[in-house]
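Student: Below: one structure in structure tokens.
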Amino acid sequence: MSSQLIGQLPGVVAQEPGRAVPAPSAPSKLGSGLKGASGGETRGARAGLALALAFGRARLTRRSQRRSGGARAAEGGEAIQPTATAIEPLGSAEIARVPENLYELLGVQETADADEIKHAYYDKMKICHPDIAGDDGEEICILLNDAYDLLQDPQEKQAYDIQLRKDHSKPVLAPAPVVSTDLSATWAWTSKAGNKKAKPTYNGRPLSRSLHNKVPPEGQGDKWSDEKFVFVDEWTCIACRNCCDVAPRTFCIDADAGRARAFAQWGNTEELLDYAVQACPVDCIYWVSREELQVLEYVTRDRLYESGNTLPCSMAARQGAGSGVEEDPFSMAVNFQNRLEEEEERRQRAQAAGPSKPSEMQERIRELFGNMSERLRTAGWG
């Protein structure tokens, strides 16, 4: 609206080009005779709205000393038509949910463009403007103005979107797995068939069976006293069956993978187990501790489950055609232990930090909606 037209309206003086403020002797009824002054119904509606926004802007400035709560129209944009029937009696209407961010406050998606944000802002202001909603609409108008200002500024909007993405991408840590801390020489055992039915879960227990407590005194030695156990590197094994022939109650050829495996720890005497280790032509059998055994057996079974119980040709791997480090169970065990430690550290940091604090804008939204009347809350966000 031009400053010349505003200057012609009753009770309005032009202070700056394109901006109207109320004169000291402004009439109490808005828009009287405006249709005749403009010569058309559309211009009359715009003139009446200019007066309404002028009075509303002045009142909000006096009461809050903040930015105007009046609706603002962008240059070339459509005028906001106040809706006198925006707020109806509620009856049994349900109270609306509190918006979680500025996009929900305006009722748009986070991918909304500038035009969608502008029209959503206009729609909310038609409901919440103090000349329509009364005093209850003052603070929400200020908040809507702040939201509109932020989302219309490309740099501020980009920073706000980045913060939202960070909030959305905060990892939800799974509960800590139940891992046994018992490192005794014997442990609870599940059957071989049961181990292969589903993806294995690490529980701090080896997958092989332990007969450590059943070794007769004459079959015991230093390794039995030190609670050492045998492990077969199935990626290196060539299925020669030497270990199975020497210590058949400890080793077998797995029917699925086709490689040697220790299915029962200490099924034979220490002398026979030592001989089986030494008789291996490719040195793929190792003496390991209980703690090492449970991780090595888990990563081996987990990788076999993912590969459908198939292994690359061990002879090709020995000639350099294999994938080396990726197929080394000891490297896989170290990586797995590192992941467990990192997950535990993240879990402890998350517990120490507690729940994330809402942003300043989110605090304002929650506080305002907590004090807002049920009528206005349902009319604008129901």
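Student: R0 = 35 Å: FRET efficiency of VAL179 with GLU100, Cβ-based, nearest 0.05?
Tutor: So the FRET efficiency works out to roughly 0.45.
Student: Next question. Excluding residues fewer than 8 places away in the same chain, name every one of the aspartates and glutamates whose C-alpha is closer than 18 Å to that of LYS199.
Tutor: Output for LYS199: ASP254, ASP256, GLU297, ASP302, GLU306.
Student: Give me the net charge for the shell around SER184: Cβ to Cβ below 9 angstrom, other residues only, Lys and Arg +1, Asp and Glu -1.
Tutor: My count for the surroundings of SER184 gives -1.
Student: Let me ask something else about it. How many nm separate the modelled label positions at PHE263 and ARG349, each set 7 Å beyond the Cα in the direction of the Cβ?
Tutor: Once both label points are built, they end up 4.5 nm from each other.
Student: Set the Förster radius R0 to 35 Å, insert the Cβ-Cβ distance between GLU342 and ARG366 as r into 1/(1 + (r/R0)^6), and round the FRET efficiency to 0.05.
Tutor: Computed FRET efficiency for GLU342 and ARG366 comes out at 0.50.
Student: Which percent of the accessible heavy-atom area of segment 213-343 goes to carbon and sulfur, probe 1.4 angstrom?
Tutor: 47
Student: Turning to a different aspect of this structure: How do the peptides 306-313, 266-273, 235-242 rank, highest first, by the average count of neighbouring beta carbon atoms within 10 Å per residue?
Tutor: The most tightly packed comes first, giving 266-273, 235-242, 306-313.
Student: If I stretch the segment between GLU218 and SER331 completely, what's the gain in nm (0.36 nm per residue apart, minus their alpha carbon distance), one decimal?
Tutor: Extra length from GLU218 to SER331 when fully extended: 37.1 nm.
Student: At a Förster radius of 56 Å, what calculated FRET efficiency corresponds to the Cβ-Cβ distance of ASP153 and TYR305, to the nearest 0.05?
Tutor: After rounding to 0.05, the efficiency reads 0.60.
The values are calculated or read from the model by the stated rules, or taken from the named source; none is laboratory data. If you're wondering where the values come from, they're calculated on a predicted model, not measured in any experiment. Using ideal geometry, Cβ is built from the backbone for each residue, glycine included, and neighbour counts are taken over all protein chains shown. Keep in mind that these areas ignore ligands, DNA and RNA; they rest on the heavy atoms of the full protein, side chains included. Shrake-Rupley method; radii C 1.70, N 1.55, O 1.52, S 1.80 Å.
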